[in-house]
Amino acid sequence: MTDRKTGRNLIAVSQPFVPDYRVPFFNELARQLSAEGFELEVWHGSPGAEMRKVGSARTGPWSVEVPQLRLQMFGRTLALRRIWRRARGARAVVAPFSATALEAILILFLGRTKTFLWGHGRSYVNKENRVGKAIKTAMARRAQGVLVYTPSAVAAVESMGVPRSRVRAVFNATDTATLRRMRAGLSSTDIEAFRHAQEIPPGPVGLFVGAFIEAKRLDFLFSAIDRIVAAVPNFTAVIAGSGPQQEFVSAQAHRRRHVQVVQRLDQEELVRFSSVSDILLMPGRVGLVAVDAVALGLPVITTDWPFHAPEAEYLNSSNSIRSEDSETEYANVVIDLLSDTDRLLEFRERTWESGEFYSVEAMAAHFVAHLKDQNVLPSGRGPSGEG
C-alpha cells in the first residue's frame with residue numbers, strides 16, 4: 001500500500017516534539033526504511049513550556065510539524081496533534097503509548113490505518129491510576145503492534161492480553177557508536193588540555209548530565225556532594241544541563257567552590273567532559289543518560305528511588321552502583337569507590353566493555369523487524385533477540 005495522495009510508501013511516527021537525542025535514531029530509522037523502499041516522516045508538534053526551557057527541540061529531513069491543540073482536561077494540559085488526514089495515506093503510524101496521547105486513541109479506534117504504539121509499556125516514572133491503565137490496556141489490545149524499551153515492559157504488555165508476537169523490546173539508545181568513536185580518539189594530551197581549559201583541579205570528578213527538573217532530585221545531589229567533599233576534599237562535581245530549576249542550581253553552585261555548572265552539552269562536549277570524569281552522579285531519575293554514560297565508560301551511581309525511567313534496567317553490577325535512597329548512603333557509596341583507585345579503574349573498564357550493546361542502529365533494526373513481523377514491510381528476519 002502506498003500513500004494514496006503522493007504514491008509514496010510511508011511510515012509515520014507521531015511525537016509531541018523531537019528532542020535532540022532522538023535525531024540520530026530517526027536518521028538511522030529513515031536510512032533503514034529507505035533500504036526497504038519506504039520513507040519516514042515524523043509528525044510532531046512543539047514542546048510545552050517546561051521542555052522549552054530545557055531547549056532540546058530539534059528537526060530533521062523527516063520532520064513534518066503538524067497543527068497542535070492544547071486542551072485542559074482533568075487538571076492536566078493535553079496536546080492533540082492533527083494527524084487524522086495524514087494517517088489515512090500512511091502504510092502505518094507509530095504513535096505514543098500513553099493514555100493522554102489523544103491522536104493515538106483517535107486513529108486506533110476510529111481510523112483504518114495500521115497503528116503501532118511506542119513507549120514505556122508500563123508505568124515507571126510515576127504511579128499509574130486505574131483509568132490510565134484501563135485506557136492503555138484498550139489501546140494495546142487494539143494496536144497492530146507495541147514497541148517498548150525493556151523485556152519487563154514486554155511482559156507487562158503481554159499481561160494486558162496482547163499476544164506476545166505483537167510486542168517487541170527495541171532497547172532505547174542514543175548515538176553510542178559515535179560517542180565511543182570520539183572517546184577512543186581522545187589522547188591523554190587532549191584530555192589534560194581540556195581539563196586545564198575548564199579549570200578542573202586535580203582529583204576525582206563526578207559528572208551530572210541532565211535537565212534541571214524536579215525528577216532529577218538536584219537538592220539531593222547537592223546535599224550528597226557536601227558529604228562527599230567532607231570526606232574527599234579534592235573532589236569536584238561538574239553539573240551540566242539546563243531547565244526550569246536553573247536559578248536553584250546556579251545559587252547552590254555559587255555557594256560551593258567544589259561545584260562547576262556548565263550549559264547543556266552537545267555530543268562532543270559530553271565526550272570531553274566524560275573523559276575528565278570518574279563517575280556519573282544521578283540520584284534522581286535515570287533515563288537515556290545511562291546509555292550515554294555506559295557507552296563512554298562512566299559508571300552510573302544512582303539510588304533505589306522507585307521512579308527511574310526504563311533505561312535504568314540496562315544498568316547492572318558491571319556498570320553501576322545503586323545505593324539506598326538516602327543522601328548519606330549515596331555519598332558513602334561514592335566515597336568508598338573514589339577511595340579505592342584500583343577498584344575505580346577496574347569498574348570503569350568493565351563499564352566501557354558493557355557499553356557496546358545499545359545503539360541507534362540496533363534500535364532502528366528492531367523497529368524495522370517488528371514492522372516486517374506485522375506484515376507492514378516486506379517480510380524478512382530482523383535482529384535476533386526480542387521478536
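We did not get these values from a lab; they are worked out from the coordinates using the rules stated. Keep in mind that what you see is a predicted model, and the values were worked out from it rather than measured. Here the Cβ positions follow ideal geometry from the backbone for every residue, glycine too, while neighbour counts run over all protein chains shown.
Miscellaneous remarks
- Range of Cα positions in the range 284-326 per principal axis (Å), largest first: 26, 16, 13
- Computed about the Cα centre, the dipole magnitude for the range 176-356 is approximately 380 debye when only Lys and Arg (+1) and Asp and Glu (-1) carry charge, each at its Cβ.
- For the pair the range 306-343 and the range 220-285, the centres of their Cα atoms are 16 angstrom apart.
- Taking amide H atoms as placed 1.01 Å from N in the peptide plane, the amide H of Glu39 lies under 5 Å from those of Asn9, Leu10, Ile11, each 5 or more residues away in sequence or on another chain.
- With a simple spin-label model that places each label point 7 Å from the Cα along the Cα-to-Cβ direction, the separation between Asp266 and Ala230 comes to 4.1 nm.
- Cβ-based exposure ranking for Trp62, Trp84, in which fewest neighbours within 10 Å come first: Trp84, Trp62
- For Arg91, Arg350, order by how many other beta-carbon atoms lie within 10 Å, fewest first: Arg350, Arg91
- Other residues with beta-carbon under 15 Å from the beta-carbon of Ala193 carry, at +1 per Lys or Arg and -1 per Asp or Glu, a net charge of -3.
- Mean Cβ count within 10 Å, highest first, over the residues of peptides 186-195, 93-102: 93-102, 186-195
- Likely footprinting exposure, Val262, Val232, Val131, fewest C-beta neighbours within 10 Å first: Val131, Val262, Val232
- Simple label model, 7 Å out from Cα along Cβ direction - Ser250 to Ser187, nm: 3.8 nm
- Once the Cα-Cα distance is subtracted from the 0.36 nm per residue extended length, the Leu345 to Val64 segment shows a gain of 96.6 nm.
- Distance histogram for the range 279-377 (every C-alpha pair counted, 5 angstrom bins, percent rounded to whole numbers): 2, 13, 21, 19, 16, 10, 6, 5, 3, 2, 1, 0
- Placing one equal scatterer on every Cα of the chain and applying the Debye formula, the log10 ratio I(q)/I(0) at q = 0.08, 0.11 Å⁻¹ is -0.44, -0.82.
- Low-density loop positions, trypsin sites (Lys or Arg not before Pro), the range 100-163 - DSSP coil, at most 11 other Cβ in 10 Å: Arg112, Lys127
- Packing order of peptides 305-311, 339-345, 271-277, highest average first: 271-277, 305-311, 339-345 (average count of other Cβ atoms within 10 Å over each peptide's residues).
- Per residue Cα convex hull volume in Å³ - calculated over the range 128-220: 181 Å³
- Of the three principal axes defined by the Cα atoms of the range 223-329, the extents in descending order read 35, 33, 28 Å.
- Folded to 0 to 90 degrees: helix 327-338 orientation relative to the chain principal axis, Cα: 70 degrees
- For the range 176-356, the fraction of C-alpha pairs farther apart than 24 angstrom is 30 percent.
- Virtual paramagnetic centre 7 Å along Cα→Cβ of Glu128, amide N under 12 Å, in the range 86-119: 97-100, 119
- Debye equation applied to the C-alpha atoms of the range 134-186, log10 I(q)/I(0) at 0.21, 0.27 Å⁻¹: -0.70, -0.98
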